[in-house]
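Here the structure is laid out as structure tokens; the discussion comes afterwards.
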Amino acid sequence: MTLLAILLAHEFGHYFAAWYHGVDASLPYFLPSPFMGTFGAFIRVRSPIYSKRALFDIGVSGPLAGFVFLLPALSVGLAFSKVLPGIEQQGSLHFGVPGFEWLLERLIFPGVPSSDIYLHPVARAAWVGMLATALNLLPIGQLDGGHIVYAFFPRRHRTISTVLCLLLLPLGKYGWDGCSGRCCCFGWGGAIRESTMTRIWAPAAASWRGSLWLSSFCVSLSCRSADGGL
């Protein structure tokens with residue numbers, strides 16, 4: 001339920017931004033999964049997006065709305081987590097520790113290494129939410145990050161997507177244990193489909209939207225891990 005709430009908040013962020021700008025969009029749809037309950041959610045945009053402001057607002061609203069729901073879930077989940085020394089050695093699958101999770105762990109469990117913290121299921125759901133947020137904010141193709149980049153640099157969007165995909169290839173092999181490589185394959189399809197995006201002509205985004213872009217960049221960094229995965 002925690003993961004569903006985070007994903008639903010993300011998609012409703014897109015939905016309400018689209019409604020505000022008069023863009024016809026569907027309510028969120030969930031993709032069912034036998035493993036985690038869902039593979040994610042999406043909304044269907046039924047009408048063209050003609051302005052940079054609308055494209056930026058729709059793109060950035062989802063990750064920020066999801067992050068607002070993710071914060072309390074991660075905080076509560078960590079508060080109910082347990083310290084079990086050596087727990088990391090009892091499994092073959094090791095999750096990275098995103099920056100924001102690491103900061104909260106230092107506050108809740110001072111002096112305890114992350115490898116000795118057994119996460120509560122709510123905290124694990126928040127971790128998956130951070131993974132989804134980090135992936136969505138990659139500035140590639142038709143991901144949310146790609147929409148944000150397109151709103152600011154429509155003529156350079158394809159180049160940025162392609163260059164980032166190429167940079168992720170060596171990171172996937174040598175830096176993040178293959179995770180970046182999978183992100184690259186996921187994002188490459190979006191980069192190829194860039195030409196299907198509606199050409200937009202409105203003036204550049206307002207300065208306060210630049211602050212929102214900076215906020216989304218900080219959210220993206222805080223949801224990533226430098227120690228073996230996103």
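The values are calculated or read from the model by the stated rules, or taken from the named source; none is laboratory data. Since this is a predicted model, take the numbers as computed values, not measurements. Cβ placement follows ideal geometry from the backbone for every residue including glycine, while neighbour counts extend to all protein chains displayed.
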ARG106 - would you say it is within 20 Å of PHE30 (Cβ to Cβ) and among the basic types (Lys, Arg)?
no
Quick check, is SER161 modelled with pLDDT under 85, under 30 Å from ALA73 (Cα atoms), under 19 Å from the mean Cα position of the chain (by Cα) and crowded, with 18+ Cβ neighbours inside 10 Å?
no
What's the number of the only condition in (1) crowded, with 17+ Cβ neighbours inside 10 Å; (2) closer than 21 Å to LEU143 by Cα; (3) hydroxyl-bearing (Ser, Thr, Tyr) that SER81 fails to meet?
(2)
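So, PHE56, is that one in contact (Cβ under 8 Å) with a residue 60 or more places away in the chain, more than 30 Å from HIS21 (Cα to Cα) and part of a helix (DSSP H, G or I) or not? Spell out how you get there, then give the answer.
Details: in contact (Cβ under 8 Å) with a residue 60 or more places away in the chain: yes; more than 30 Å from HIS21 (Cα to Cα): no; part of a helix (DSSP H, G or I): yes.
In short, no.
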Taking the condition of being among the hydroxyl-bearing types (Ser, Thr, Tyr) and under 18 Å from TYR50 (Cα atoms), how many residues in the stretch 101-160 meet it?
1
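Would you check which residues across the stretch 37-53 are without any contact (Cβ under 8 Å) to a residue 60 or more places away in the chain and either assigned to a strand (DSSP E or B) or surrounded by 15 or more Cβ atoms within 10 Å (Cβ to Cβ) (or both) and list them? Walk me through how you get there before you give the answer.
Taking the stretch 37-53 as the starting set, the residues that turn out to be without any contact (Cβ under 8 Å) to a residue 60 or more places away in the chain are 37-39, 41-47.
GLY37, THR38, PHE39, ALA41, PHE42, ILE43, VAL45 - these are the residues of the stretch 37-53 that are without any contact (Cβ under 8 Å) to a residue 60 or more places away in the chain and either assigned to a strand (DSSP E or B) or surrounded by 15 or more Cβ atoms within 10 Å (Cβ to Cβ) (or both).
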Scan the stretch 80-100 for residues that are in a helix (DSSP H, G or I) and without any contact (Cβ under 8 Å) to a residue 40 or more places away in the chain and report the count.
4
Lone qualifier among PHE56, PHE30, PHE95, PHE16 - being closer than 30 Å to HIS157 by Cα, touching a helix residue (DSSP H, G or I) at 6+ places or on another chain (Cβ under 9 Å), surrounded by 18 or more Cβ atoms within 10 Å (Cβ to Cβ) and not basic (Lys, Arg):
PHE56
Could you please find all residues in the stretch 101-119 being within 24 Å of LEU7 (Cβ to Cβ) and touching a Leu at 6+ places or on another chain (Cβ under 7 Å)?
GLU101, LEU104, GLU105
Answer yes or no as to whether SER92 is modelled with pLDDT of 85 or more and of a type in the set (Ser, Thr, Tyr).
no
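Is there a residue being in contact with a Gly (Cβ under 6 Å, 6 or more places away or on another chain), modelled with pLDDT under 90 and more than 22 Å from GLU11 (Cα to Cα) anywhere in the stretch 99-114?
Taking the stretch 99-114 and keeping what is in contact with a Gly (Cβ under 6 Å, 6 or more places away or on another chain), we get none.
No; the residues of the stretch 99-114 include none that is in contact with a Gly (Cβ under 6 Å, 6 or more places away or on another chain), modelled with pLDDT under 90 and more than 22 Å from GLU11 (Cα to Cα).
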Being closer than 19 Å to TRP127 by Cβ, assigned to a strand (DSSP E or B) and in contact (Cβ under 8 Å) with a residue 24 or more places away in the chain: is that true of ALA9 here?
no
